[in-house]
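Sending over a structure as structure tokens; questions will come in a sec.
The values are calculated or read from the model by the stated rules, or taken from the named source; none is laboratory data. Predicted, not measured: the structure shown is a model, and the values here were computed from it. Heads up, the Cβs are rebuilt from the backbone with ideal geometry, glycines too, and the neighbour counts pull from every protein chain shown.
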Amino acid sequence: MVCSFCLLASVACSVTSPRAVAEPRKTTPLSPATPEDTPLIPRELKDDAEVARALREYYTKYEYRIPVRDGVHLYTAVYVPKDRSKTYPVLFARTPYSAHPYGADQFPGTDAEARYLKRLVATSDFVREGYIFAVQDVRGRFMSEGTFADVRPRAAKKGDVDESTDAYDSIDWMVKNVPSNSGKVGIQGISYDGFYAAQAAINAHPALKAVSPQAPVTDWFDGDDFHHHGAFMLGDAMDFYATFGRARPKPTKKWGPDFEHDAADVYDFFLRIGALPNANARYFESKIAFWNDLMQHGTKDDFWKARDPRPDYKNVKPAVMTVGGWYDAEDLFGALETYHAFERQSPGAANTLVMGPWSHGGWSRSDGEQLGDISFGAKTAVFFREHIEFPFFQRYLKGKQVPQQPEVWAFETGTNAWQRYPAWPPPEAKPVFLSFQPGGKLSSSAPAASGKSATDDGFDQYVSDPAKPVPYRDKLSAKMNHDYMIEDQRFASRRPDVLTYETGELESDVTFGGPLEASLWVSTTGSDADFVVKIVDVYPQDYPDPTPNPSGAHMGGFQQLVRAEVMRGKFRTSFEKPVAFKPGEPALVRFSIPDTLHTFRSGHRIMIQVQSSWFPLVDRNPQTFTDIYRATDADFHAATHRVYHTPGMASGLKISLLRGRLP
């Protein structure tokens, strides 16, 4: 889903007269400050109170209703430095998550307000150097006029409006009306806001010089948020749209009520719902418009194709820096795919990719030193903000000479080091196929012919029962939790409905760097099935526990999830035209897994897990070929799945080998 962080990632604006565009408040410009009367700003402001003080002390806040070409007015809050002795570039964000707190005299206070702005101010570099901050409620959200559309498609004909035209018109108005602006604008945003940032690069306004889509929403059927390879991401979609999706009949400053689970653990809650139609009947009463769209468009039809923005990212003029997290449970696909779309279709543009060891938005809201029980040995998010993001905007908005930046910054987990590359994936990475072997072994050698021993049938099998699906994480929680992206997988490898394939102890470091692709030769006693493939780093048994160890983690034998992905089997040949499995007949299921840059250290093992449920992250497959969005409880059946590992049906994982020798 689009996470709770993103629901807060915006800043303030306020109400003006219904149709008039607000004029800048008349103020007396301050005299240029002297070094003696300029308060010192710490490099990092420690809490919300310090951030609010800095904003009040150094900025004047204005509220505007910016008119766009079809007459709609968009609420926009603008913070302008009080020192009017010079001009400043504008850093702009467009958000569907509310530009609170509203009111000309209201500045962010609590942690639930203006996370986007407070992050920029908290690091203080942007304040020291002088930037104007602007944040806007997008069309149809909160205090902006118009009708909201999720991942609004591009305008079909000249004269229509879309997110690109709204961004263009807003930038045009700001550079003509906001006091003390330099005529240069940069735009950035995380998650849904990242989608709006990327849209602004399409037919961009000449004043827009720098664009930073961060964890941008991209393709909601193939790989982001609500579907992965056609499999429905149930927990996130239901949690998100129960609040975000409620209709807004008129402009409002308020969020709808949070979605309350009537069970202590989300696994139990979603299991009790049963078939998907029950969710709408029991909790939404068919009143959530986009949830209804999700239920009505179960294949990649024209509805979803129109909402894939990648074909539009061509011939862009501004510099682009796309940012993502290796452990982003929501939009890892989006960051990588957005970078590639700009790279393929805008060869003349300055195009940069940054991938760090972060969860969704973690580069913004944390210091990036640790995630769950895994330490990265440095404040990776602070490094990004100070040495990558800030210089990017300094270069393109202020013309500052900054240290030469590579096209790709990528943090290598395992060795915990930033790497620089001229492109992604790294040109030196080579494809290697890791094959499943008899006895649960994993090797870069091709599988041998079956039948050499009584225990080798040429396949492994397990029973997948929708009544007892494999949980997506071991820990109980009343809400969906995205730390599963890096958590211990021992709970899964011990289940009879999870297959494991493992190398021996590595004699030297092995680094995966680039795309991953699963190839599974399977058969089933049913007519449909999901297949989940997980890449796991198995620590040595004598690996020491962390010090300090507040969570009580036991790291000896720890099975760290490195990457995982799901494929809905009926889409194995086409997302547009699903195909049933023929019971007992082997079929190839091949699907991409988002890239990684990870080193398996010497003494560790590489493990691959295969399973057919991942609940309630992914909805349950009935294992009957049907439209799952209209399935009944009677459609769900247990089935036996086989995974083959013979020379003619070699199952395994194609990896991008960057360094090291595989067994």
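Got a sec? Which of Arg282, Arg307 is without any contact (Cβ under 8 Å) to a residue 40 or more places away in the chain and either closer than 28 Å to Arg630 by Cβ or part of a loop (DSSP other than H, G, I, E, B) (or both)?
Answer to the selection: Arg282.
Do we find a residue being surrounded by fewer than 23 Cβ atoms within 10 Å (Cβ to Cβ), over 28 Å from the mean Cα position of the chain (by Cα), assigned to a strand (DSSP E or B) and acidic (Asp, Glu) anywhere in segment 497-505?
Yes, segment 497-505 contains a residue that is surrounded by fewer than 23 Cβ atoms within 10 Å (Cβ to Cβ), over 28 Å from the mean Cα position of the chain (by Cα), assigned to a strand (DSSP E or B) and acidic (Asp, Glu).
OK, next. Among the residues of segment 519-554, write down those that are under 30 Å from His228 (Cβ atoms), modelled with pLDDT of 95 or more, in a loop (DSSP other than H, G, I, E, B) and not aliphatic (A, V, I, L, M).
The answer is Thr525, Gly526, Ser527, Asp528, Tyr539.
Also: So which residues in segment 472-512 are closer than 18 Å to His261 by Cβ and out of contact with any Leu (no Cβ under 9 Å at 6 or more places or on another chain), if there are any at all?
Residues satisfying the conditions are Lys475, Leu476, Ser477, Ala478, Lys479, Asn481, His482.
When segment 537-581 is examined, which residues are found to be more than 25 Å from Leu442 (Cβ to Cβ), aliphatic (A, V, I, L, M) and within 27 Å of the chain's Cα centre (by Cα)?
Ala553
Among all residue pairs at least 6 apart or on different chains, which show Cβ distances below 7 Å where the first residue, located in segment 481-507, is in contact (Cβ under 8 Å) with a residue 40 or more places away in the chain and the second is of a type in the set (Ser, Thr, Tyr) and in a helix (DSSP H, G or I)?
Once the first residue is in contact (Cβ under 8 Å) with a residue 40 or more places away in the chain and sits in segment 481-507, its partners that are of a type in the set (Ser, Thr, Tyr) and in a helix (DSSP H, G or I) give Thr500/Ser493.
Related question: Would you mind telling me which numbered condition in (1) in a loop (DSSP other than H, G, I, E, B); (2) surrounded by fewer than 22 Cβ atoms within 10 Å (Cβ to Cβ); (3) touching a residue at least 24 places away in the same chain (Cβ under 8 Å) Ser613 fails?
(2)
Restricting to helices (runs of 4 or more DSSP H) lying wholly in segment 158-254: which have 2 or more residues that are among the small types (Gly, Ala, Ser) and under 30 Å from Pro318 (Cβ atoms)? Spell out the reasoning first.
Working: elements: 163-177, 192-200, 234-244.
Result: 163-177, 192-200.
Pull up segment 245-295, narrow it to residues that are among the polar types (S, T, N, Q) and surrounded by 12 or more Cβ atoms within 10 Å (Cβ to Cβ), then point me to the one that is nearest to Phe575 (Cα to Cα). Give the steps one after another, and end with the answer.
Step one: of segment 245-295, the residues among the polar types (S, T, N, Q) are 252, 278, 280, 286, 292.
After this cut, where a residue has to be surrounded by 12 or more Cβ atoms within 10 Å (Cβ to Cβ) as well, the list is 252, 278, 280, 292.
On the way: Thr252: 38, Asn278: 25, Asn280: 24, Asn292: 20 Å.
Per the stated criteria, the residue is Asn292.
Condition check: touching a residue at least 24 places away in the same chain (Cβ under 8 Å), crowded, with 19+ Cβ neighbours inside 10 Å and of a type in the set (Lys, Arg). Does Lys209 satisfy that?
The answer is yes for Lys209.
For segment 100-118, how many residues meet the condition of being at pLDDT below 90 and part of a loop (DSSP other than H, G, I, E, B)?
Of segment 100-118, the ones at pLDDT below 90 are 100-101, 104-118.
Restricting the remaining residues to those that are part of a loop (DSSP other than H, G, I, E, B) gives 100-101, 104-114.
Counting residues in segment 100-118 that are at pLDDT below 90 and part of a loop (DSSP other than H, G, I, E, B) gives 13.
Right, here's the next one. Filter segment 459-471 down to residues that are out of contact with any Pro (no Cβ under 7 Å at 6 or more places or on another chain) and surrounded by 19 or more Cβ atoms within 10 Å (Cβ to Cβ), then give me how many there are. Break it down into steps so the answer makes sense when it comes.
Restricting attention to segment 459-471, the residues satisfying the condition of being out of contact with any Pro (no Cβ under 7 Å at 6 or more places or on another chain) are 459-461, 463-465, 467-471.
Imposing the further condition that a residue be surrounded by 19 or more Cβ atoms within 10 Å (Cβ to Cβ) reduces the set to 459-460, 464, 469-471.
Matching residues across segment 459-471 total 6.
Output the number of the condition that Ser375 fails; it satisfies all remaining conditions of (1) touching a Phe, Trp or Tyr at 6+ places or on another chain (Cβ under 9 Å); (2) of a type in the set (S, T, N, Q); (3) within 30 Å of Asp488 (Cβ to Cβ).
(1)
Only one of Leu332, Leu294, Leu276, Leu271 is closer than 19 Å to Met233 by Cα, among the hydrophobic types (A, V, I, L, M, F, W, C) and touching an Asp or Glu at 6+ places or on another chain (Cβ under 7 Å). Can you tell me which?
Leu276
Considering only segment 607-622, I want to know if a residue exists there that is of a type in the set (A, V, I, L, M), farther than 25 Å from Tyr267 by Cβ and at pLDDT 95 or above.
Taking every residue of segment 607-622 in turn, none turns out to be of a type in the set (A, V, I, L, M), farther than 25 Å from Tyr267 by Cβ and at pLDDT 95 or above.
Within segment 623-642, track down each residue that is aliphatic (A, V, I, L, M), under 26 Å from Asp460 (Cα atoms) and surrounded by fewer than 21 Cβ atoms within 10 Å (Cβ to Cβ).
Passing the criteria: only Ala638.
Criterion first (touching a residue at least 60 places away in the same chain (Cβ under 8 Å) and surrounded by 23 or more Cβ atoms within 10 Å (Cβ to Cβ)) does Gly223 satisfy it?
Spelling it out, it is not the case that Gly223 is touching a residue at least 60 places away in the same chain (Cβ under 8 Å) and surrounded by 23 or more Cβ atoms within 10 Å (Cβ to Cβ).
Picking from Arg620, Arg642, which residue would you name as being in the same structural domain as Tyr484 (by TED's automatic domain parsing), part of a strand (DSSP E or B) and of a type in the set (Lys, Arg)?
Exactly one of Arg620, Arg642 is in the same structural domain as Tyr484 (by TED's automatic domain parsing), part of a strand (DSSP E or B) and of a type in the set (Lys, Arg), namely Arg642.
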